[in-house]
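Report on one structure; see the data block that follows.
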Amino acid sequence: PFLSAGPAPATPAAAAKPAPANPAAATGAGLSKAVVVQDFAELDNGSAGTFQDTQGSTFEYSYADKKGGKYLKVTYSLVGDYCGMWCRAGGSDWSGVSATGAKNLYFKIYSKQSLTLGFALKDKNNNQYSAESAPTKGGSWETVTIPLNSFILDPYYTPPDAVKGAPMDFSTIKQFNIQPKTKGEKVTFAIDGLSVK
């Protein structure tokens, strides 16, 4: 179920970020209820493991049972600019999200310390967009919201089969990337599903 974990083209932390490309494509009148992107319920630890990049960052993930399903557990050590994992969005994709008016990506997270997470999405045209969450408080389960119109076109990486110059189109997202941004050694957090609304 997970596509990859480990290094990807790094985005320097101090780099200026351009304005979103066509943010109107990711907004609308609003959904009446949330659409679950990934709840981890059908995933198992057969796909989990530990990964290490060339800069020394490590990323380990597994799934823990909860009442009525599962949640994702991650332990990482970030010493470079990047560590992360690509995950499938649900069983296939979240087609039609922009058409139904989704405005936000949100998820529940638990960590003992304050954390900032980055997310990357490849849109219908396979262009890669990224955004960061606001820092969590830590110490309890929290709901984090990331506006879809805050995602920006990645200025450092373009997939080989992307349609360059195409407007942002979140009507089909087949995978997303979770990227811890807070540096540290053996930092653990849990995510209890991702949804859009």
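The values are calculated or read from the model by the stated rules, or taken from the named source; none is laboratory data. Fair warning: this is a prediction, and the values are worked out from it, not measured in the lab. Just the protein is used for accessible areas: all its heavy atoms, side chains included, with ligands, DNA and RNA removed. Shrake-Rupley method; radii C 1.70, N 1.55, O 1.52, S 1.80 Å.
In terms of distances greater than 27 angstrom between alpha carbons, the cross-link table entries K137/K183; K67/K181; K73/K137; K33/K186 yield K67/K181; K33/K186. In terms of modelled amide H atoms, which long-range or inter-chain residues lie less than 5 Å from the amide H of F51? It is F59, E60, by chain and number.
Return the whole-Å distance between the Cα centroid of the range 155-181 and the Cα centroid of the range 32-93. Between the Cα centres of the range 155-181 and the range 32-93 lies a distance of 19 Å.
With the cut-off at 1.5 for a/c, could you classify the range 98-172 from its C-alpha gyration tensor as rounded, prolate or oblate? Prolate. Stretched out straight at 0.36 nm per residue, the stretch from T75 to K183 would grow longer than its current Cα-Cα span by 37.7 nm. For D161, the solvent-accessible surface with a 1.4 Å probe is about 110 Å², rounded to the nearest 10. Annotation: lysines with alpha-carbon distance below 21 angstrom to K164 (same-chain offsets under eight excluded): K17, K122, K124, K174.
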